[in-house]
Amino acid sequence: MSHELSLLFILFFTKNLNLADTVYYVDSINGEDNRSGKTPKSAWKSVHRVTNAMSGYGVKEIEVGSKILFIRGGVFRDDSLIIRKGGTEKSHMLIGSYGDKNLPKPLFQNVDIYIGEPLIEYIDIEDIRLNDISDGTAVSFNQKGLKNITISRLDINNTKQNAIFLTSVDGYIIQDCNISNIGLSGIVIYGADNKEWPLIKNGIIRRNQIKYTNPIYGDGITLHKSDNKELNDIGSNHLLEKNSIGFCGENAYDIDSGDSIKIIKCEGYNSGLAEVSIENASNVTIEESYFHNGDKNGFDVGKYSNNIIIRRNVIKNMKFRPFVIGDSSHEGEVFYKTIHDVKIYNNWVYHSSNHEIIRVSNGSEKITYKDNISISTTDNRFIYYEDDLTPENTDSFFENNIWHRPNSNSDDFAYINGKDMGFFKWQTTYEDN
């Protein structure tokens, strides 16, 4: 054999040997922790064994890019899974399942998963159930400078705090998860408390089902500022797509920080405060989504928000208002402008409460309401400007809207500058047809 062929053979053999060595199996039924863990017949038994191996205790330390597979139908109750190794672009660290796909996903019963080291990348977690997390969050990535985290097809039920919590991650995907009965919020994208930590950015949250978060404080999905209020601490580029969220104590979608955020083809319903709440964020687009049966408002657009686009959505049966725009923390300061460029167009609004469809309060400017179909089943006002606000001093623009209600010719179509205004006066004064 030539020298070149011998070298190629050695490289091929070594490469494939390393790949075989990077798979570990965990079987809560037939496994034993004193085995090698490297085949299904020599599987480990416990999560504790995996955590120890991540740190090099009692076994050769688990390599970067390993695959750790838990048996389907198994139940694991013993310890937290602490991830201390990541992967590479070609060989991700995988926490997943193996075995008969007709059996349930492996169940982590009061066993949480969290990251134990900073500056780790390429980790995939998939096909695991996490139930009854009595102390903390089910899956938590709370370390400095993480990259390329993917969380797929998890079933999370009954946690003391959040279901999934991420901070300081560049590049994340959370997809196809079923989350319910959560002590705080479902999916939390959190700002870094420390200004030396990189901002969380470049994320996708798609096709998740979230129900029953904390009945007072819980959100479905939140991009949330940290406790350090001095930091603009959520980065840019977050896509929320095809998620369905309901029965949240606060908001289905809570955008409390960040830039370049899209909510597309999502659903929100039966939330306690708003289906979509926006503050401290810029360049947010919500489109082609369905929001219905909210306990209060459809959209709350609050302070320090700019370039907000709400288009081609269906908003139906809010108990209060489909749209609220304003900074309630600055009541009376009419010209203290903290909310800029809110564009609402091509939406279909079906309204059945006695509140108005759109309310504008202090701090708002440059509002566009255009090409919307707004149908009300009650004899309520459509438009309400608080205090001495008017479309003029808020630079509001209305064009080509369809307004329909049983008593369309009444004198209380809008409330402007402390006075009721009838439809025909509104139309000739403000509506550009």
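The values are calculated or read from the model by the stated rules, or taken from the named source; none is laboratory data. Everything numeric in this text was worked out from a predicted model, so none of it was measured. Here the Cβ positions follow ideal geometry from the backbone for every residue, glycine too, while neighbour counts run over all protein chains shown.
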- Item | D233 being over 15 Å from the mean Cα position of the chain (by Cα), under 20 Å from V169 (Cα atoms), surrounded by 24 or more Cβ atoms within 10 Å (Cβ to Cβ) and not hydroxyl-bearing (S, T, Y) | yes
- Message: Which count do you get for residues in the range 376-397 that are crowded, with 18+ Cβ neighbours inside 10 Å, under 16 Å from E365 (Cα atoms) and either basic (K, R) or more than 32 Å from the chain's Cα centre (by Cα) (or both)?
- Response: 2
- Note: among I156, I115, I173, just one is crowded, with 24+ Cβ neighbours inside 10 Å and not aromatic (F, W, Y), namely I156
- Please work out if R381 is on the phi < 0 side of the Ramachandran plot and part of a strand (DSSP E or B). no
- Task: State whether the residues of the range 148-164 include one that is touching a Gly at 6+ places or on another chain (Cβ under 6 Å), modelled with pLDDT under 95, of a type in the set (S, T, N, Q) and not in a strand (DSSP E or B).
- Result: no
- Would you mind stating whether I373 is within 20 Å of E431 (Cα to Cα), surrounded by fewer than 17 Cβ atoms within 10 Å (Cβ to Cβ), modelled with pLDDT of 95 or more and not polar (S, T, N, Q)? yes
- For residues that are touching a helix residue (DSSP H, G or I) at 6+ places or on another chain (Cβ under 9 Å) and modelled with pLDDT under 95, tally how many sit in the range 392-411. 5
- So how many residues does the range 247-259 have that are buried (at least 21 other Cβ atoms within 10 Å of the Cβ) and in a strand (DSSP E or B)? 6
- Every listed condition ((1) surrounded by fewer than 24 Cβ atoms within 10 Å (Cβ to Cβ); (2) within 15 Å of T213 (Cβ to Cβ); (3) among the charged types (D, E, K, R)) holds for E288 save (2)
- Note on the structure: Going through the range 85-112 in order, the residues found to be under 13 Å from D127 (Cβ atoms) and not in a loop (DSSP other than H, G, I, E, B) are L94, I95, G96, S97, Y98, L107, F108
